[in-house]
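Scroll down for the structure; my scribbles are underneath it.
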Amino acid sequence: MKITIVGSGYVGLVTGACFSEVGIDVVCVDIDKNKIDNLNKGIIPIYEPGLEDMISRNMKKGRLSFTTKIADAVQESEAVFISVGTPPDEDGSADLKYVIAVARDCGKHMNDYKLVVTKSTVPVGTSLKVKKAIQEELDKRNIKVGFDVASNPEFLKEGAAIDDFLKPDRIVVGVEGQKAEDILKRLYKPFTLNGHPVIFMDIVSAEMTKYAANSMLATKISFMNDIANLCEIVGADVNKVRKGIGSDTRIGNKFIYPGIGYGGSCFPKDVQALIRTGSEHNYDLQVLKAVEAVNKKQKTVLFSKILKYFKGDIKGKTIALWGLSFKPQTDDMREAPSLEIVKRLLEAGATVKAYDPIAMEEAKHHFGETISYYEDQYEALIDADCLAILTEWPEFKFPNFNIVNRLLKSPAIFDGRNIYDRHEMKEKGFNYFCIGVDTTKDMVKPVLSSVS
């Protein structure tokens, strides 16, 4: 079986690599010639654990190839997966121009039956637009070629995408005919041998499932952050509250960790797009609007703690940051809390020194020379007035606190991910601030004057 993946970004590369890993012949198409040239040289444009080795292995076996020639790819494949970007417009709606452009290319070049599958995250009703675009191109050619459209949304977590694809919780597929269902059953059979379910449904429901899933997870995060802020006010410990509610199987313990807000390429965009879909159908998704508002505010919480510690003035202060990506195991900085925090620190007159294990090059695209970058986490601490942790990378969880204390000018740590124990931090001589716990009574050293 041979398939085409159009779009060689995050979703396209993971999808293509994983399908080829189980023996399917895959050709990945992209209009960016430089990207394709680099991929053919083994240069991967994104960071995802295990992806580079998997791509290299399957290229050597001849099961995975990269090209800019969409006509040949479409004609030689049984199924075409659309995996291009759907960036948000200013109003929050998903921009479908790339999706529709691929649909039109399919219509221009298909020579026999094709199954066109939307893998990109798209609003409800997109399949009808894809189908219409394909048919319009066939009509222009004055030929009759059978085709089906389907929706197969991805549920990949950045940093764990390979495992998510190979060992999925579920595979959601929206189809409108038996032929399309049979093809996708055959395609996904290697991934269901261990009992992972393929859930077939109508296309509209599949499109909605993707948005509903991500919006639910975003809701859990914002809810917990809201509770964390209240805990801090009333004197409760959100870490204990989290354990108390997480032990309830109806709630579960996932996505209820307090922090400094969600980011990345999915949650912010999908929440906004679903709000927009509701608006287009005259329905006000009030819960999701609150989710978005809470998340936006949460990204400022750590900055506010830093400002308060220095008595409202951080001009001339040096702030060390550990972590810039929106989560560990990725270099993705889209909508990352670090973007808002760094912006506010610089506007307040502070100097920023940063370290991230993976995202340093990506960070330079966002911050340029406005901050300093360091290749060692401890080097970033030299002469810094405090340390702020923005991403819970594993290497930050057990640092040498003696070195940290010695290098910092002020023994202050602002933990945006609650990775340390407040009592241990007090014993080690730090003024420690986290999310959802009032630690001001644990202060071991006086707050430094705001005078530089």
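The values are calculated or read from the model by the stated rules, or taken from the named source; none is laboratory data. On a predicted model such as this, the values are computed, not experimentally measured, just so you know. Positions of Cβ are backbone-derived with ideal geometry, glycine not excepted, and every protein chain shown enters the neighbour counts. Surface accessibility is based on the protein's heavy atoms, side chains included, excluding ligands, DNA and RNA. Shrake-Rupley method; radii C 1.70, N 1.55, O 1.52, S 1.80 Å.
Tabulated data for the structure shown
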| item | result |
| --- | --- |
| Residue within the stretch 285-297 that is within 17 Å of Cys434 (Cβ to Cβ) and outside any helix (DSSP H, G or I) present | no |
| Any hit, the stretch 408-417, residues being in a helix (DSSP H, G or I) and open to solvent by 30 Å² or more (accessible area, probe 1.4 Å) | no |
| Lys131 being under 17 Å from Ala79 (Cα atoms), open to solvent by 60 Å² or more (accessible area, probe 1.4 Å), of a type in the set (Lys, Arg) and not in a strand (DSSP E or B) | yes |
| Pairs where the first residue, in the stretch 45-72, is within 17 Å of Ser20 (Cβ to Cβ) and the second is of a type in the set (A, V, I, L, M) and assigned to a loop (DSSP other than H, G, I, E, B), C-beta under 8 Å, 6+ apart | Leu51/Ile44; Glu52/Ile44; Ile55/Ile44; Arg63/Ile24 |
| Every residue from the stretch 8-59 that is of a type in the set (Ser, Thr, Tyr) and in a helix (DSSP H, G or I) | Tyr10, Thr15, Ser20, Ser56 |
| Selection from the stretch 28-49 of residues that are surrounded by fewer than 24 Cβ atoms within 10 Å (Cβ to Cβ) and in contact with a Leu (Cβ under 9 Å, 6 or more places away or on another chain) | Asp30, Leu39, Ile44, Pro45, Ile46, Glu48 |
| Residue list for the stretch 188-242, restricted to those being of a type in the set (S, T, N, Q) and under 24 Å from Leu166 (Cβ atoms) | Thr192, Asn194, Thr209, Asn214 |
| Some residue of the stretch 180-200 being touching a helix residue (DSSP H, G or I) at 6+ places or on another chain (Cβ under 8 Å) and open to solvent by 40 Å² or more (accessible area, probe 1.4 Å) | yes |
| Some residue of the stretch 68-77 being modelled with pLDDT of 95 or more, in a loop (DSSP other than H, G, I, E, B) and open to solvent by 60 Å² or more (accessible area, probe 1.4 Å) | yes |
| Every residue from the stretch 21-39 that is farther than 24 Å from Ala103 by Cβ and in contact with a helix residue (DSSP H, G or I) (Cβ under 8 Å, 6 or more places away or on another chain) | Glu21, Val22, Gly23 |
| Residue under evaluation Asn111, criteria (1) among the polar types (S, T, N, Q); (2) over 16 Å from Met208 (Cα atoms); (3) in a helix (DSSP H, G or I), criterion not met | (3) |
| Tally, over the stretch 340-357, of residues that are open to solvent by less than 60 Å² (accessible area, probe 1.4 Å), on the phi < 0 side of the Ramachandran plot and either small (Gly, Ala, Ser) or in contact (Cβ under 8 Å) with a residue 40 or more places away in the chain (or both) | 6 |
| Members of the stretch 168-198 found to be within 19 Å of Ile24 (Cα to Cα), assigned to a helix (DSSP H, G or I) and without any contact (Cβ under 8 Å) to a residue 12 or more places away in the chain, listed by number | Asp182, Lys189 |
| Residue within the stretch 237-260 that is touching an Asp or Glu at 6+ places or on another chain (Cβ under 6 Å) and surrounded by fewer than 23 Cβ atoms within 10 Å (Cβ to Cβ) present | no |
| Of all residues making up the stretch 393-407, the number that are in contact with an Asp or Glu (Cβ under 9 Å, 6 or more places away or on another chain) and either in a loop (DSSP other than H, G, I, E, B) or aliphatic (A, V, I, L, M) (or both) | 2 |
| Output for the stretch 308-365, where each listed residue is touching a helix residue (DSSP H, G or I) at 6+ places or on another chain (Cβ under 6 Å), assigned to a helix (DSSP H, G or I) and among the basic types (Lys, Arg) | Arg344 |
| Single condition Val80 does not satisfy, out of (1) open to solvent by 50 Å² or more (accessible area, probe 1.4 Å); (2) touching a Cys at 6+ places or on another chain (Cβ under 7 Å) | (1) |
| Check on Leu138, over 26 Å from Lys254 (Cβ atoms), touching a residue at least 60 places away in the same chain (Cβ under 8 Å) and over 24 Å from the mean Cα position of the chain (by Cα) | no |
| Qualifying residue in the stretch 288-301 (condition: open to solvent by less than 60 Å² (accessible area, probe 1.4 Å) and over 17 Å from Gly261 (Cβ atoms)) | no |
| Enumeration of residues in the stretch 247-287 that are closer than 30 Å to Lys305 by Cα, in contact (Cβ under 8 Å) with a residue 60 or more places away in the chain and charged (D, E, K, R) | Lys269, Asp270 |
| Checklist (1) at pLDDT 95 or above; (2) more than 21 Å from Tyr10 (Cβ to Cβ); (3) open to solvent by less than 60 Å² (accessible area, probe 1.4 Å) applied to Val117, failing item | (2) |
| The stretch 229-240 residues that are assigned to a loop (DSSP other than H, G, I, E, B), paired with ones that are buried (at least 17 other Cβ atoms within 10 Å of the Cβ) and of a type in the set (A, V, I, L, M, F, W, C) (beta carbon under 6 Å, 6 or more apart) | Asp237/Val437 |
| Failed item, numbered, when Asp376 is tested on (1) more than 18 Å from Tyr309 (Cβ to Cβ); (2) touching a residue at least 24 places away in the same chain (Cβ under 8 Å) | (2) |
